[in-house]
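Before any comments, here is the structure.
The values are calculated or read from the model by the stated rules, or taken from the named source; none is laboratory data. The structure displayed is predicted, hence computed values, not measured ones. Note: ideal-geometry Cβ built from the backbone for every residue, glycine included; neighbour counts use all protein chains shown. Just so you know, the surface numbers come from the protein's heavy atoms only, side chains and all, with ligands and any DNA or RNA stripped out. Shrake-Rupley method; radii C 1.70, N 1.55, O 1.52, S 1.80 Å.
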Amino acid sequence: MPTPLFQFIEDAAAEAGFERVGVAPASDPEMRELSHFADWVEAGYAGEMEYLKRRNEAGEYRRSSLEAALPWAKSVIVAAVNYNPPAPKSTEPVLPTQGWISRYALSPADYHETVLGALKRVESALVEKMGGTQITTRSYVDTGPVLERVYAKYAGIGWIGKNTCIINQELGSWIFLGVIVTSLEHSTFFEAAQLAVAPDRCGTCTRCIDACPTEAIVAPMQLDASRCIAYFTIEKRGNIPEDMRSKIGRHVFGCDICQDVCPWNRKAPMTSNPEFQPDPVLVNPDLSQLARISAQEFRERFRASPISRAKHSGFLRNVAVAMGNSGREEYRPVLEELSGSADPIVAEHARWAMERLKEQTK
């Protein structure tokens with residue numbers, strides 16, 4: 001049974017622009033996924049994402065235990081906002097000259113700042129509501145020692161799909177999550193201690209697993225991020241493994257395949273938030289234009305965008321791979337230019353792309 005304080009949080013979250021909000025305890029024996037994180041890292045599934053491997057003074061992975069990272073933590077408020085832009089899916093027919101940029105990065109705005117700003121308004125409202133009561137809070141959007149999806153599950157936001165994304169029955173999986181860690185007991189928000197867990201509605205469906213070109217979903221709800229196209233095009237520095245390059249297809253930044261094929265996203269509503277509206281130039285962008293973006297233009301154009309995370313070198317590397325997979329001989333001149341780049345990573349991938357084109361035109 002929700003308390004008046006939870007109802008207050010619901011109203012504050014809605015006013016800030018969130019579609020869903022829930023609260024989970026910082027720890028609970030039922031939240032078994034938290035203990036699985038260490039095994040996931042030890043299996044090598046985090047790849048080169050060192051920030052996921054950070055440990056506390058006791059040698060524990062910081063993200064495996066919120067209370068170890070933040071000893072005062074008692075509950076976690078999870079807020080979800082729909083970012084689904086009015087844009088085609090990656091699985092729809094396109095020209096071979098068009099690349100793909102993940103849906104979450106189509107907006108010129110940085111979703112971290114947008115979501116965090118809204119989250120801070122909810123946090124401030126909570127602190128003010130508590131008045132003289134001593135309360136500690138901390139807000140995060142992808143940056144804290146918090147396994148957001150686990151807390152989202154136990155806050156009732158949605159279930160963890162076989163592709164490891166949180167899926168809400170009405171919104172689908174096109175949602176950003178923000179969390180407010182608090183020193184308030186879970187019972188402050190709910191009179192009964194029962195967790196608000198959303199039922200798993202994936203059933204026997206395996207479309208996300210079957211559709212992944214790199215077989216990154218090694219088992220239901222178990223992603224080997226080191227094989228994921230999003231990892232290769234965003235997080236991976238240096239060379240992309242050669243045996244994976246042809247499987248990346250036209251992806252320049254990120255990958256949405258496992259979400260695009262999900263039945264729960266067929267009728268997912270479009271966002272009305274102006275901050276998440278797509279830049280038309282980034283929707284199925286022309287590869288030739290992307291290949292000619294200078295370092296200065298990249299910095300200026302994507303300064304506030306998630307795309308900046310790939311850096312100019314990684315971005316051109318990805319474009320070269322997409323060109324190589326296009327089968328279009330018209331890209332050979334620009335690839336020859338890139339093969340002479342002072343950046344050895346860009347040059348090596350451009351040379352691979354030219355060989356790839358040769359193989360496809362035999």
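Yes or no: Pro86 over 17 Å from Ile307 (Cα atoms) and not in a helix (DSSP H, G or I)?
Yes; evaluated as a whole, the condition is true for this residue.
Just checking, which of Asp210, Asp200 is surrounded by fewer than 18 Cβ atoms within 10 Å (Cβ to Cβ), in contact with a Phe, Trp or Tyr (Cβ under 7 Å, 6 or more places away or on another chain) and charged (D, E, K, R)?
It is Asp200.
Filter segment 117-143 for residues that are of a type in the set (A, V, I, L, M) and either open to solvent by 20 Å² or more (accessible area, probe 1.4 Å) or outside any helix (DSSP H, G or I) (or both) and give the result.
Scanning segment 117-143 gives Ala125, Val127, Met130, Ile135, Val141.
Among the residues of segment 7-39, write down those that are touching an Asp or Glu at 6+ places or on another chain (Cβ under 9 Å), more than 26 Å from Asn82 (Cα to Cα) and not aliphatic (A, V, I, L, M).
Ser27
Please list, ordered by first then second residue, the pairs with beta carbon atoms under 8 Å, 6 or more apart or interchain, first in segment 164-178 and among the acidic types (Asp, Glu), second surrounded by fewer than 24 Cβ atoms within 10 Å (Cβ to Cβ).
Glu170/Pro269
Lys267 is checked against (1) modelled with pLDDT under 95; (2) over 20 Å from Thr91 (Cα atoms) and fails just one. What number does that condition carry?
With (1) modelled with pLDDT under 95; (2) over 20 Å from Thr91 (Cα atoms) applied to Lys267, the lone miss is (2).
Please pick out the residue among Arg299, Arg317 that is touching a His at 6+ places or on another chain (Cβ under 6 Å) and modelled with pLDDT of 95 or more.
Going through Arg299, Arg317 in turn, the sole match is Arg317.
Taking the conditions exactly as written (on the phi < 0 side of the Ramachandran plot and open to solvent by less than 40 Å² (accessible area, probe 1.4 Å)), does Pro344 satisfy them or not?
no
Which of the numbered conditions does Trp72 fail, given that it passes all the others? Conditions: (1) assigned to a helix (DSSP H, G or I); (2) open to solvent by 60 Å² or more (accessible area, probe 1.4 Å).
(1)
Can you tell me which residues in segment 17-57 are surrounded by 16 or more Cβ atoms within 10 Å (Cβ to Cβ), in contact (Cβ under 8 Å) with a residue 40 or more places away in the chain and not small (Gly, Ala, Ser)?
Hits for segment 17-57 are Phe18, Glu19, Arg20, Val21, Val23, Pro25, Met31, Glu33, Leu34, Phe37, Trp40, Tyr45.
Filter segment 302-331 for residues that are touching a Leu at 6+ places or on another chain (Cβ under 8 Å), open to solvent by less than 40 Å² (accessible area, probe 1.4 Å) and without any contact (Cβ under 8 Å) to a residue 60 or more places away in the chain and give the result.
Leu316, Ala320, Met323, Tyr331
Suppose we keep only residues that are of a type in the set (A, V, I, L, M) and open to solvent by 50 Å² or more (accessible area, probe 1.4 Å) within segment 268-297. Which one would you say is nearest to Val252 (Cα to Cα)?
Of everything passing the filter in segment 268-297, Val281 is nearest to Val252 (Cα to Cα).
Yes/no matrix, rows are residues, columns are (1) in a loop (DSSP other than H, G, I, E, B); (2) in contact with a helix residue (DSSP H, G or I) (Cβ under 8 Å, 6 or more places away or on another chain):
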{"position": "Pro145", "(1), (2)": "yes, yes"}
{"position": "Val181", "(1), (2)": "no, yes"}
{"position": "Asp200", "(1), (2)": "yes, no"}
{"position": "Cys208", "(1), (2)": "no, yes"}
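Somewhere in segment 146-153, is a residue within 29 Å of Arg250 (Cα to Cα), acidic (Asp, Glu) and touching a residue at least 40 places away in the same chain (Cβ under 8 Å)?
The answer is no; no qualifying residue exists.
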